[in-house]
Amino acid sequence: MKPPRALSSQVATVEPRVITIRAGNATYEAHVGGGLLTRVGEYAAKIFHARRCAIISDQNVMPRFGPRVMLSLKEFAPTLITVPAGERSKSLEQIGRLCEKMEMVDLGSTSFIVALGGGVVGDLVGFAAAIYHRGIPYIQVPTTLLAQVDSAIGGKTGVNTRDGKNLLGAIHQPALVVADIDTLQTLPERELNQGFAEIIKHAIIADPSLFESLSQPDLAALIARNIEIKAGIVARDERDATGERAILNFGHTVGHAIERVAGYGTLLHGEAISLGIVAACEVSIQRAGFSAEERATVVRFLEKFGLPTKLPPSVSRDAILRAMYSDKKFEHGEVRFVVTPRLGSAYLTSDVTLEDIRRAIANL
Ligand SMILES: NC(=O)c1ccc[n+]([C@@H]2O[C@H](COP(=O)([O-])OP(=O)(O)OC[C@H]3O[C@@H](n4cnc5c(N)ncnc54)[C@H](O)[C@@H]3O)[C@@H](O)[C@H]2O)c1
Ligand SMILES: [Zn+2]
């Protein structure tokens, strides 16, 4: 199925949807709708007074959307800072450079920063905001589907190190999220589709009615519902303390290993997660009473968005297993894995064996 590109202009005149998110001590709003880039300043003015700001974005996104956001925020005297596009920008070196630039323009401790872009910019800017002058507020303006339904929500920020993804980071909730669905019009189709992997994950772990929404897509409603789902889970377990937030990792244990083995950039995150979701469904059939029919439903929806459900022959199954063993989740031989007993529900368990996972990967 073609993604619902044409719909955004239809809803552009509709009032945006607003979701209130509570996490730890923070409460903030997420606004979802068309034409919202020009309203970032209006929303910011309701929460910030007499502050200055910097808008941080990447080379692909800044030229497209930077000027509109800058104009909207003009009362905050915005400075624009551009970083290279891509996962490699999520580094400690980049954080250092960003903070130096912010210092050079005298942003200081009473400022805020704006993350304009996909999950890479969101994670990077969120982390810079967490540590600059011991923490300043930031706004998420996500411009990829993945960022709008997932990474901009919940306050996980961070960078990669040589040893792996997201190994340095902080929980720092944004002060505001503005998801303008019109920005998705310029997103390459593969990038758009990978966002649907996280949406399908949300459907599996929390709300099977999302599958129906995927058939009659009102994009703003779909994104808003996904934000509600993620926010609800984060609200109950902001810091991964009870295992509740861990259910958001459904499909990610195997998916991350596949992402690493294929080589970052070969498979997009959502594509690797699609494969991880299929493997997790298989393990759930073995260990949690999930049915083969439900698995078939999941596979059908993944394929509808052009997502892979069969491992490419070039990716070695042994290498995936090795990558999983070296993952910090497998320390001391204890396996902690998220399973689904039925669509709409998931839990973290240590009943799964490495043999179960090996078999699921062998069938992939
Ligand atoms: N913090 C979290 O909770 C969380 C959750 C999931 C993923 N993530 C992180 O998110 C990152 C992936 O995010 P992503 O998939 O958004 O990748 P990304 O930020 O790299 O964006 C993908 C590409 O699309 C371009 N782009 C962005 N918006 C565009 C637009 N509107 N039009 C045209 N091009 C556009 C970008 O420049 C980039 O080249 C990973 O680093 C992952 O670890 C974080
Ligand atoms: Zn993910």
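The values are calculated or read from the model by the stated rules, or taken from the named source; none is laboratory data. Since we're looking at a predicted model, the values are computed, not measured. Glycine also receives a Cβ, built like all others from the backbone with ideal geometry; neighbour counts cover every protein chain displayed.
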ask   = Is it the case that segment 92-100 has a residue that's modelled with pLDDT of 95 or more and either among the aromatic types (Phe, Trp, Tyr) or buried (at least 24 other Cβ atoms within 10 Å of the Cβ) (or both)?
value = no
Tabulated pairs, segment 188-199, first closer than 14 Å to GLU303 by Cα, second more than 10 Å from ligand 1 (Cβ to nearest atom) and assigned to a helix (DSSP H, G or I), C-beta under 6 angstrom, 6+ apart or interchain = GLN194/GLU271; ALA197/SER274; ILE199/ASN226
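Across segment 40-58, what is the number of residues that are farther than 24 Å from LEU124 by Cβ and either touching a His at 6+ places or on another chain (Cβ under 9 Å) or of a type in the set (S, T, N, Q) (or both)? Break it down stepwise before answering.
Within segment 40-58, the first condition is being farther than 24 Å from LEU124 by Cβ, and the residues that meet it are 42, 45-46, 49-50.
Still in the running and either touching a His at 6+ places or on another chain (Cβ under 9 Å) or of a type in the set (S, T, N, Q) (or both): none.
Going through segment 40-58 one residue at a time, the tally reaches 0.
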key: Scan of segment 254-272 for residues that are more than 10 Å from ligand 1 (Cβ to nearest atom), closer than 14 Å to ARG322 by Cβ and not charged (D, E, K, R), ordered by number   = VAL254, ALA257, ILE258, VAL261, ALA262
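One residue is enough: does segment 56-72 have a residue meeting the conditions over 18 Å from THR183 (Cβ atoms) and of a type outside the set (Phe, Trp, Tyr)? Give the derivation first.
Taking segment 56-72 and keeping what is over 18 Å from THR183 (Cβ atoms), we get none.
Among the residues of segment 56-72, not one is over 18 Å from THR183 (Cβ atoms) and of a type outside the set (Phe, Trp, Tyr), which makes the answer no.
Among ILE171, ILE199, ILE204, which is the only one that is touching a Cys at 6+ places or on another chain (Cβ under 9 Å) and crowded, with 16+ Cβ neighbours inside 10 Å?
Working: ILE171 fails: touching a Cys at 6+ places or on another chain (Cβ under 9 Å); ILE199 fails: touching a Cys at 6+ places or on another chain (Cβ under 9 Å).
Unique residue meeting the criteria: ILE204.
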request  = Name every residue in segment 70-91 that is surrounded by 18 or more Cβ atoms within 10 Å (Cβ to Cβ), within 12 Å of ligand 1 (Cβ to nearest atom) and aliphatic (A, V, I, L, M), in order of residue number.
outcome  = VAL83
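Check PRO208, PRO217 and return the single one that is away from ligand 2 (no atom under 16 Å from the Cβ), farther than 30 Å from GLY41 by Cα and touching a residue at least 24 places away in the same chain (Cβ under 8 Å).
On the way: PRO217 fails: farther than 30 Å from GLY41 by Cα.
Checking each option against the conditions leaves just PRO208.
Quick grid of which residues meet (1) touching a strand residue (DSSP E or B) at 6+ places or on another chain (Cβ under 9 Å); (2) of a type outside the set (S, T, N, Q); (3) within 11 Å of ligand 1 (Cβ to nearest atom):
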| position | (1), (2), (3) |
| --- | --- |
| GLY155 | yes, yes, yes |
| PRO174 | yes, yes, yes |
| VAL178 | yes, yes, no |
| PHE196 | no, yes, no |
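Residue by residue, here is whether (1) modelled with pLDDT of 95 or more; (2) near ligand 1 (Cβ under 9 Å from one of its atoms); (3) among the hydroxyl-bearing types (Ser, Thr, Tyr) holds:
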site	(1), (2), (3)
ALA130	yes, no, no
THR143	yes, yes, yes
GLY169	yes, yes, no
ARG190	yes, no, no
ASN193	yes, no, no
ILE200	yes, no, no
ALA203	yes, no, no
request  = Quick one: count up the residues across segment 146-191 that are within 16 Å of ligand 2 (Cβ to nearest atom), touching a Pro at 6+ places or on another chain (Cβ under 8 Å) and under 22 Å from GLY263 (Cβ atoms).
outcome  = 1
request  = Could you pull out the residue among ALA241, ALA262, ALA257, ALA231 that is at pLDDT 95 or above, out of contact with any Cys (no Cβ under 6 Å at 6 or more places or on another chain), small (Gly, Ala, Ser) and on the phi < 0 side of the Ramachandran plot?
outcome  = ALA231
query = SER109 is checked against (1) of a type outside the set (D, E, K, R); (2) within 24 Å of ALA45 (Cα to Cα); (3) at pLDDT 95 or above and fails just one. What number does that condition carry?
reply = (3)
note = Those residues of segment 273-302 that are within 26 Å of the chain's Cα centre (by Cα), without any contact (Cβ under 8 Å) to a residue 40 or more places away in the chain and away from ligand 1 (no atom under 16 Å from the Cβ) come to a total of 4
